[in-house]
Amino acid sequence: PFDPHILSKVGVQIVPEIEPYELMKIRLLNGSHSALSYIAYLCGYRDVASAIEDPALQTFIRNFYMEEITATLQPVPGINLQQYKNTLIERFSNRNIADTILRLASDGSKKIPNAILQALIETIRNNTPHNALVFSLSGWARFLAGIDESGTVIPVDDPNGPDLSTAAQKAREFPDIFLKKIGINGLNEKEMIDLSELFRNYLDQLHRQGIRNTLSQFIKENT
C-alpha cells in the first residue's frame, strides 16, 4: 500500500509541484553533462569518470558552471543544492556507471536549449555571472567544427550536425549567426553584442591556444 511515511525513509518526497525539481535536474545534471562533454572530449577523455577526475575539468564544472546555474534556480523544498551538486560530482566519478563522453555529447541541439540556453538568457537579463555558460557554448562550437587539435575528425552525432558544423566553422567570424542558430533569442541589441563578443573570444582562444591552455586561463581569470 502507498505510504508516504515509509517512502520518506528512503528519500522519496511527495511534493505539490514538480517544476522546481525538474528544473534543478535539467540544468544541474543534464546541463553539466553537456558542459563537460565537449571540453572533455577536446582534452582527450572518452569516459566521464576519467574526465571529472581531471582537476581542471572538475573545478570548471563544480566551481564555475554549477554555481552560475544555481543562480537561476529558486529554492527547492527539501533539497540542499550544495549537497546535490557535490553528489552529482560523485555520480560523475562513479566508474561503475561507465558513461561515455560521446553519449553525453550526442544530440546537443536537442539537449542544450533546455539545459543551458534558457539559463544563460536569464543570467544575462539578471546581470549575474555567466562566463562559464558561454565558455561551455564555445566548447560545443569548437567540437562541432569537426576536427580536433591533432587533426583527427570528431564524430558529431546530432540530427542538425551538418548545419551546425557549418555555422561553427564560421563562428569566429560570425558568432551572432551561430548563437541565433542554436536558439539564443529574446536579448536586446547590446546584450547580444556583448554575448557574441565573449563567445567569440573564448572560441578564438580554443582554436589558437588549445583547450588546456584556454581552460587554465579561464580558471585563473575567474577565480
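The values are calculated or read from the model by the stated rules, or taken from the named source; none is laboratory data. All values derive from a computational prediction rather than experimental measurement. Ideal geometry is used to build each Cβ from the backbone, glycine not excepted, and the neighbour counts take in all protein chains shown. Heavy atoms of the whole protein, side chains included, go into the accessibility calculation; ligands, DNA and RNA do not. Shrake-Rupley method; radii C 1.70, N 1.55, O 1.52, S 1.80 Å.
Taken together, the residues in the range 65-74 that are acidic (Asp, Glu) and open to solvent by 50 Å² or more (accessible area, probe 1.4 Å) amount to 1. Taking the criterion of being buried (at least 21 other Cβ atoms within 10 Å of the Cβ) and either free of Cβ contacts under 8 Å to residues at least 40 places away in the same chain or touching a His at 6+ places or on another chain (Cβ under 9 Å) (or both), the residues of the range 180-199 that qualify are LEU195, SER196.
Entry remark, the range 89-118: residues being assigned to a loop (DSSP other than H, G, I, E, B) and open to solvent by 70 Å² or more (accessible area, probe 1.4 Å) number 4 in total. Mind checking whether some residue in the range 200-217 is open to solvent by 20 Å² or more (accessible area, probe 1.4 Å), hydrophobic (A, V, I, L, M, F, W, C) and modelled with pLDDT of 95 or more? Looking for residues that are open to solvent by 20 Å² or more (accessible area, probe 1.4 Å), hydrophobic (A, V, I, L, M, F, W, C) and modelled with pLDDT of 95 or more, one finds none in the range 200-217, hence no. Which residue is least open to solvent (accessible area, probe 1.4 Å), if the candidates are limited to the range 1-26 and must be part of a helix (DSSP H, G or I) and closer than 20 Å to GLN82 by Cα? This residue is MET24.
Taking (1) surrounded by fewer than 15 Cβ atoms within 10 Å (Cβ to Cβ); (2) among the polar types (S, T, N, Q); (3) within 16 Å of the chain's Cα centre (by Cα) in turn, ASN131 satisfies each apart from (1).
The set of residues in the range 150-179 being open to solvent by less than 80 Å² (accessible area, probe 1.4 Å), aliphatic (A, V, I, L, M) and not in a helix (DSSP H, G or I) consists of ILE154, VAL156, ALA171. Filtering the range 119-136 down to residues that are in a loop (DSSP other than H, G, I, E, B) and among the polar types (S, T, N, Q), which residue is nearest to ILE69 (Cα to Cα)? That would be THR128.
Give the residues of the range 48-58 that are part of a helix (DSSP H, G or I), in contact with a helix residue (DSSP H, G or I) (Cβ under 8 Å, 6 or more places away or on another chain) and either among the charged types (D, E, K, R) or surrounded by fewer than 16 Cβ atoms within 10 Å (Cβ to Cβ) (or both), sorted by residue number. Across the range 48-58, the qualifying residue is only ALA56. Just one of the listed residues (ILE26, ILE69, ILE61) is at pLDDT 95 or above and under 23 Å from ILE154 (Cβ atoms), and it is ILE61. When we screen TYR38, TYR45 for residues that are within 14 Å of the chain's Cα centre (by Cα) and buried (at least 17 other Cβ atoms within 10 Å of the Cβ), the only hit is TYR38.
Condition check for PRO77 on (1) surrounded by fewer than 19 Cβ atoms within 10 Å (Cβ to Cβ); (2) assigned to a helix (DSSP H, G or I): one failure, at (2).
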